[in-house]
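Just below is one structure, and these are the notes that go with it.
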Amino acid sequence: MNKYLVIGNPIEHSQSPLLHNYWFKKHGILDSIYEKRKAVKEDLKLIVEQIKNGELKGVNITVPFKREIINYIDASPHEVQLTKSVNTLIKEGDKVVGYNTDQGGFEISLTKKNWKPEGKKILIIGAGGVTPSILSTFIKTKGDNKIYLYNRTRNKAEQLKEHWDKMVNLSGMKKKTIEIVDRRKKIELCDLVINTTSVGLLKDENINFDFGDYENNKDALFYDLIYNPKETNFLKKAKRRGNRTMNGKLMFLWQAQLAFKIWTGKSPEINDEVIDLLDQ
């Protein structure tokens with residue numbers, strides 16, 4: 001039996017096994033199974049070794065290990081050099097290679113929402129492992145984007161800004177700026193507000209940021225990368241204010257499709273049946 005995993009901490013919320021096992025069955029790949037495993041940092045080396053020796057065929061990486069895992073893999077493509085984030089592992093030849101399908105999943109999710117980033121103002125909350133993948137989407141857009149970044153610990157945000165500047169230079173694209181903000185400082189209203197943190201996985205968690213100025217703003221889109229629960233407090237409050245909302249389901253589905261193709265060479269269809277599967 002070919003074994004696949006998703007590892008993270010927390011991991012209870014993950015619907016990756018539900019989705020990938022559905023796709024295995026749909027494509028007649030009956031010799032494969034996908035499971036989830038709660039991990040700690042000390043487990044990462046062993047996970048890579050298990051891929052190398054064939055015990056595991058493929059692994060997805062979720063919070064908080066998307067950066068840390070890079071220290072243990074053998075190779076990665078160009079987009080990983082830009083984002084410093086890996087969420088998909090596979091053995092190629094004698095090497096364990098790490099891929100980033102988050103960036104592609106996020107970009108496709110905005111396209112499916114008919115949201116175009118050109119010239120928009122964007123506020124990103126969080127500076128964790130997935131955030132560079134989100135930022136890399138905006139490197140490729142034409143025109144200027146005004147990007148604000150808020151993180152609970154400013155030092156981590158400053159490190160990410162330094163990396164962002166390097167990403168822009170490497171891309172050869174027009175200089176795009178990112179401004180680190182304090183939650184107590186008023187900033188201009190943004191077109192897109194993205195929560196990239198894990199705040200909201202638990203029922204009573206709230207993001208400590210004042211969004212009072214967005215009252216009755218029907219144009220602003222509040223996007224939470226969390227998909228389970230499907231409506232976090234961040235989104236519930238946005239909906240009550242009259243803002244547009246979007247959870248991370250589409251990003252999750254499209255990044256999963258890209259990972260599935262890396263492992264199997266097949267691109268499973270994402271249709272209403274698949275979307276409804278995650279709502280069960």
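Where a ≥ b ≥ c are the square roots of the eigenvalues of the C-alpha gyration tensor, would you call segment 1-113 rounded, which needs a/c under 1.5, or, failing that, prolate if a/b is larger than b/c, or oblate?
In terms of gyration-tensor shape, rounded.
Just checking my list (1) 54, 41, 33; (2) 60, 51, 38; (3) 106, 37, 36 against Cα extents along the principal axes in Å computed from this structure; which label fits?
Structure-derived value, by its label: (1).
Once you place label points 7 Å from the Cα toward the Cβ at residue 40 and residue 261, how far apart are they in nm?
Label-label distance for residue 40 and residue 261, simple model: 3.8 nm.
Using alpha carbons only, how many degrees (0 to 90, rounded to 10) separate the axis of helix 154-171 from the longest principal axis of the chain?
The answer is roughly 70 degrees.
Rounded to the nearest 0.05, what FRET efficiency is calculated for residue 170 and residue 278 with R0 set to 51 Å and r the Cβ-Cβ distance?
For residue 170 and residue 278, the calculated efficiency is 0.90.
From the backbone phi of segment 264-280, what are the Karplus-calculated ³J(HN,Hα) couplings (6.51 cos²θ - 1.76 cosθ + 1.60, θ = phi - 60°) in whole Hz, Gly and Pro given as x?
10, x, 10, 10, x, 6, 10, 10, 4, 4, 5, 4, 5, 4, 6, 8, 5
What list of ³J(HN,Hα) couplings, whole Hz, do you get for segment 37-44 from phi and the Karplus terms 6.51, -1.76, 1.60, once you set θ to phi - 60° and write x for glycine and proline?
The phi angles translate into 9, 6, 10, 10, 3, 5, 7, 4 Hz.
Quick check on segment 200-241: take the gyration tensor over C-alpha atoms, sort the square-rooted eigenvalues as a ≥ b ≥ c, and tell me if it's rounded (a/c under 1.5), prolate or oblate.
It is prolate, given that a/c is not under 1.5 and a/b is the larger ratio.
Can you classify segment 94-162 as rounded, prolate or oblate using the Cα gyration tensor, where a ≥ b ≥ c are the square roots of its eigenvalues, rounded means a/c under 1.5, and otherwise it's prolate if a/b beats b/c and oblate if not?
Verdict is oblate for segment 94-162.
Determine ³J(HN,Hα), in whole Hz, for all residues of segment 123-133 in sequence, where each value follows from phi through the Karplus function 6.51 cos²θ - 1.76 cosθ + 1.60 and θ = phi - 60°; x replaces Gly and Pro.
Per-residue couplings from phi come out as 10, 10, 9, x, 10, x, x, 8, 4, x, 5 Hz.
Over the chain, what is the percentage of antiparallel beta bridges among all DSSP beta bridges, to the nearest 5?
The answer is about 20 percent antiparallel.
Can you give me the pair-distance distribution of segment 104-247, C-alpha pairs, 5 Å bins, whole percents?
Reading the bins upward from 0: 2, 9, 20, 24, 23, 15, 6, 2, 0.
Run the numbers for residue 213 and residue 182: contour at 0.36 nm per residue of separation, minus the present Cα-Cα distance, in nm.
So the extension gain works out to 9.6 nm.
Rule-based calculations on the coordinates, nothing more; no lab input. Keep in mind it's a predicted model, so treat the numbers as computed, not measured. FYI the Cβ positions are ideal-geometry reconstructions off the backbone, even for glycines, and counts take in every protein chain you see.
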